[in-house]
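Heads up: the structure comes next, in structure tokens.
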Amino acid sequence: MNKASSAPVFGAFLVMLLTACQPAEEAAAPAVEPGPDPHSYANYEQVRVEHLALALAADFSERTLEGHVTLQLDRTESAERLVLDTWKLDIRDVNRVGPDGALEPLSWRLPDADEGDAQAREYLGTPLVVALEGGVDQVRIDYATSPEAFGLQWLDGQQTTSGEPFLFSQSQPIFARSWVPLQDTPAVRYTFDAQLTVPGDLMAVMGAAGNPTEIRPDGIYEFRMPQPIPSYLMAIGVGKLEFEATGPRSGVYAEPSLVAAAAEEFSELEAMIDVGEELYGPYRWDRYDLLILPPSFPFGGMENPRLSFITPTVIAGDKSLTALIAHELAHSWSGNLVTNAAWQDLWLNEGFTTYFESRIVEALYSPERAEMEATLDWMGLKEELEELDPAAQILARDLSDQDPEQAFNGVPYNKGRLFLVWLEDRFGRATFDEFLRQYFDHFAFESIDTEDFIAYLEANLLPRDPDAVSMEQVREWIFEPGMPDYAVLPASDAFDKVDEWRRQWLDGEVELAEIPVDQWTVSEWRHFLLKLGDRLDAEQMAAMDEAFGLTESGNVEILYLWLVRAIEARYEPGIERLEQFLLEVGRNKFTRPLYEELADTDWGREWAIDVYQRAKPGYHPLTRQAAERALGIASRENSG
Ligand code: BES
Ligand code: ZN
């Protein structure tokens, strides 16, 4: 609520008075509230960024990006100001760019954090308010990022395998604003071009066209993005990179020591794109490459357009963890092409993608592999649902007063997927696939909300078989907590066999050596380790380690579950491996629960804090935040 509306007459008078005295002073305007998207200050109903041009230089010693961005605006006549999102940006200059390219200063302000109720929503950052007097169509902002920018991680040469520095961005959900002042909402799409200047021995890549295959000695790289994207897909990477093709329109970028292993691990990339196209229509982004990041990357993968960012921990040597690549590729349709308009619609991105991922795995590998992975996901979701508040169990969940990161739990992913599995079951695969293909076509390059989807479903799928599902059921899936009792749930016979071996071993009926683990997939291993529960003692752990060499496992999914068991049993060799792991890997899916497990023990918290302090300089800001929460220690600004 701004002041003018709480005291209408006086407020209006005050605004008039101030406007009359200081026509160019945006500083007189009322407090800024978020726009239609609760996670952005952008007033995009009045003015929209259509295209942006970036010119940035990377300074590794200062850990800043510095330069300018020019925003091309599409505005309504009534638009008086442009409100952008920023997070700790050092804004140096804001100018109008005239038709002849001349710069003219514009009035602008960054309201103090204690204005309005901005303080309560620190995660939103600070709005940048620019007055648009006299028909402004292009705005240039000169700025620099903060060394603490949440959306960037700067690594020095000691933290990479090449010995050279590395920089990468992670913009989803609302961190683009920490490296570009823009309308940081998925409701707005824009095209862009960019010029990056980096040290001469490094390569720059972006989620865009124009990625190089060789390092340029002058350090200047140019990119353009002809397809309109939302801000959370803005992506940049800088490092000592090499490229290896995996097909005519695909390949991998990685540091030299990893590029061959990555190209081998992901040799099926081109085939995956083909499978995606056969399922749901043309791949619309021309190329699909992967950027393999250092192990501190806080996620498994991030679907940056044309260039997914991937953790090196999925390079297992046997292509067993490639479902993650299928997932990021699938986002090229669900997410990047048809985009959630706000974070409360996240399930439109992640639920559809998890479904699509599973269809790729089924087609490329086998229905059994897809079913095992789906069963593990469902078991994980079931456990999560027991813990989550009812409100957090809702697919289209109201997030207006929350950090949008809260949205990323198993619900949008796996409940979302099961909703689509249920629709597939009711309408038949052929009909449902045809519907999905149409859906991607119809909404291509648009941002849509849950109601848009529901209306499209009601008009285009339900009439295909009027008795198959009811709108009440659809609404129950989307707006009610828990799982509908008519859900179609996955189950895997292979897991029944694993369960039987586990029982026989625990009951002393068989020796570990008799269990046919050589034939097990990662999913069977995961199921085995998950169901072992937390009651193993260090002696049983040692026996398992001797039989299967789990402490030395090169498969991160197996190793992670083993390390959890090692904490519970306080199994020393496992704890030593855990220390190494935490010092190297910053992937939150693993580090956060490992720190949580440690904090839960009577011996582990102090030990974990010590490991954390040593690991922290190499961790991404997001990994630090999660670890500090897990360990119950206050975060310290500017350290590390
Ligand atoms: N879009 C997400 C990555 C992400 C998650 C960004 C949360 C910001 C907040 C990506 O597509 C994803 O879901 N990655 C998963 C892997 C996937 C196989 C479930 C991950 O990183 O673990
Ligand atoms: Zn995803």
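The values are calculated or read from the model by the stated rules, or taken from the named source; none is laboratory data. Worth saying up front: this structure is predicted, and the values here are computed from it rather than measured. Using ideal geometry, Cβ is built from the backbone for each residue, glycine included, and neighbour counts are taken over all protein chains shown. Each accessible area value is taken on the protein alone, full model and side chains, heavy atoms only, with ligands, DNA and RNA left out. Shrake-Rupley method; radii C 1.70, N 1.55, O 1.52, S 1.80 Å.
Each of HIS442, HIS327, HIS51 has its accessible area taken with a 1.4 Å probe; listed largest first, they run HIS442, HIS51, HIS327. Dipole magnitude for the stretch 12-240: about 440 debye, using +1 per Lys or Arg Cβ and -1 per Asp or Glu Cβ, origin at the Cα centre. Computed from backbone phi with θ = phi - 60° and the Karplus coefficients 6.51, -1.76 and 1.60, the 3J(HN,Hα) list for the stretch 267-273 is 5, 8, 3, 4, 5, 5, 4 Hz; x is used for glycine and proline.
What value, in deg cm²/dmol to 500, does the helix sum -39500 (n - 2.57) over DSSP H runs of n ≥ 4 give at 222 nm once divided by the residues of the chain? Write down the numbers at each step before the final one.
On the way: 19 runs with 231 residues, N = 640.
Helix-only estimate at 222 nm: -11000 deg cm²/dmol.
Taking amide hydrogens as placed 1.01 Å from N in the peptide plane, the amide H of THR126 sits under 5 Å from those of THR86, TRP87, LYS88, each at least 5 positions away in sequence or on another chain.
The mean sequence distance of close C-alpha pairs (under 8 Å, at least 6 residues apart), as a share of the length of the stretch 12-240, puts its relative contact order at 22 percent.
Looking at the stretch 12-240 from every direction and averaging, what is the projected area of its Cα convex hull in nm²?
Working: hull surface 53.3 nm².
Taking a quarter of the hull surface, the average projection is 13.3 nm².
Here's how it looks for LEU291: its modeled amide H is under 5 Å from those of TYR253, SER308, PHE309, ILE310, which are all 5 or more places away or on a different chain. The 1.4 Å probe gives accessible areas that order LYS589, LYS319, LYS415, largest first, as LYS589, LYS319, LYS415.
Tell me the relative contact order for the chain as a rounded percent, counting alpha carbon contacts under 8 Å between residues six or more apart. Could you put the intermediate results ahead of the total?
Values: 1202 pairs, mean separation 63.3, N = 640.
Result for the chain is 10 percent.
Rounded to whole numbers, the Karplus 3J(HN,Hα) couplings from phi for the stretch 142-154 are 9, 7, 9, 7, 8, x, 9, 2, 5, x, 10, 10, 9 Hz, using 6.51 cos²θ - 1.76 cosθ + 1.60 with θ = phi - 60°, and x at Gly and Pro.
Taking amide hydrogens as placed 1.01 Å from N in the peptide plane, the amide H of PHE192 sits under 5 Å from those of LEU52, MET225, each at least 5 positions away in sequence or on another chain. Residue by residue, the stretch 277-282 carries 3J(HN,Hα) couplings of 5, 4, 6, 10, x, x Hz when phi is fed to the Karplus relation 6.51 cos²θ - 1.76 cosθ + 1.60 (θ = phi - 60°); x denotes Gly or Pro. Considering only ALA261, THR521, ASN555, and ranking their Cα positions along the charge dipole of the chain that arises from unit charges at the beta-carbon of Lys, Arg, Asp and Glu, the one farthest toward the positive end is ALA261. Each residue was assigned an accessible area with a 1.4 Å probe, and for ILE575 the value is about 10 Å². Note on PHE408: accessible area approximately 70 square angstrom, rounded to 10, probe 1.4 Å, nucleic acids and ligands left out. For the listed residue pairs LYS240/LYS382; LYS88/LYS616; LYS240/LYS589, the alpha carbons are over 32 angstrom apart in LYS240/LYS382. Relative to the longest principal Cα axis of the chain, at what angle does helix 572-584 sit, 0 to 90 degrees, rounded to 10? Between helix and principal axis, roughly 20 degrees.
GLU514 contributes about 100 Å² of solvent-accessible surface, heavy atoms of the protein only, 1.4 Å probe.
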